[in-house]
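What follows draws every value from the coordinates through simple rules; no lab data is involved. Owing to the predicted nature of the structure, the values given are computational and were not obtained by experimental measurement. Cβ coordinates were reconstructed from backbone atoms using ideal geometry, including for glycine residues, and neighbour counts include every protein chain displayed.
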Amino acid sequence: MVRQSRSDIAQLLTNGRFSEALPKAKQFCEDERRLLAYDQVDNFCASIMQNISILKRQSDVHLLPDVLKEAMAGLIFAASRIGELHELQYIKSMFFVRFGHEFDKDCVDLRRGNVVGSEIVKILDTKLPQDEIRDIVMELSQKYQTSTTADSISDGLAASNELGIGDSEAEKMKSIVRTKLLRPNVGEVEGRDRSFMR
């Protein structure tokens, strides 16, 4: 799935269809985040399974080990953001029954004092950083040596209402593309670790 998406974006860039590549790059970033969220959920479940005996004995959430509380909080938070994993809803309801409404609300609403890990919050944030999309487009443009220019990127960004990028952001992107894409610092480009995206 990920390789195919990268290939599709690269093909669009090669054909000069930048305005079509941007939404695909956005979808690619969202898919990557979803996969990272699934990995986090898997880690939370493993942590809970390792500490299940403690969980069975203790009904006061405040007396549980921090690692267990964070795993539970992460699952509750993820259940409120990932609708397609129905099992999470079941787990969330079990925690609700055992530990109460307040712990559940603290996690879902990210109230002060919640123990939801910052990584899962960042992964499931609905606001996708434009830098992430730009980096993927620039990386693929360099890798496949497309004829994408700073002007075509600027035009594509300005035309892309779906991404909500205004004129000032387009100009900033144009400047970045001129310095990084058209005259890349080879050491910087080769030093990036994006192996998880390939």
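So here's what we get for this one:
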| quantity | calculated |
| --- | --- |
| Pairs from LYS69/LYS92; LYS26/LYS122; LYS122/LYS143 whose Cα-Cα separation, in the structure shown, is over 23 Å | LYS122/LYS143 |
| FRET efficiency estimate (nearest 0.05) - Cβ-Cβ, LYS143 to MET49, R0 45 angstrom | 0.65 |
| Shape of the stretch 8-60, Cα gyration tensor, a/c cut at 1.5 | prolate |
| Theoretical gain in end-to-end length, ARG98 to HIS62 [0.36 nm per residue, Cα-Cα removed] | 11.7 nm |
| Förster radius 22 Å - calculated FRET efficiency between ARG81 and ARG17, Cβ distance, rounded to 0.05 | 0.10 |
| Cleavage-rule hits (trypsin sites (Lys or Arg not before Pro)) in the stretch 30-108: DSSP loop, at most 13 neighbouring Cβ within 10 angstrom | none |
| Cα extents of the stretch 33-123 along the three principal axes, largest first (Å) | 34, 27, 22 |
| Ranked list, fewest to most other Cβ atoms within 10 Å of each Cβ, for VAL67, VAL97, VAL115, VAL108 | VAL97, VAL67, VAL108, VAL115 |
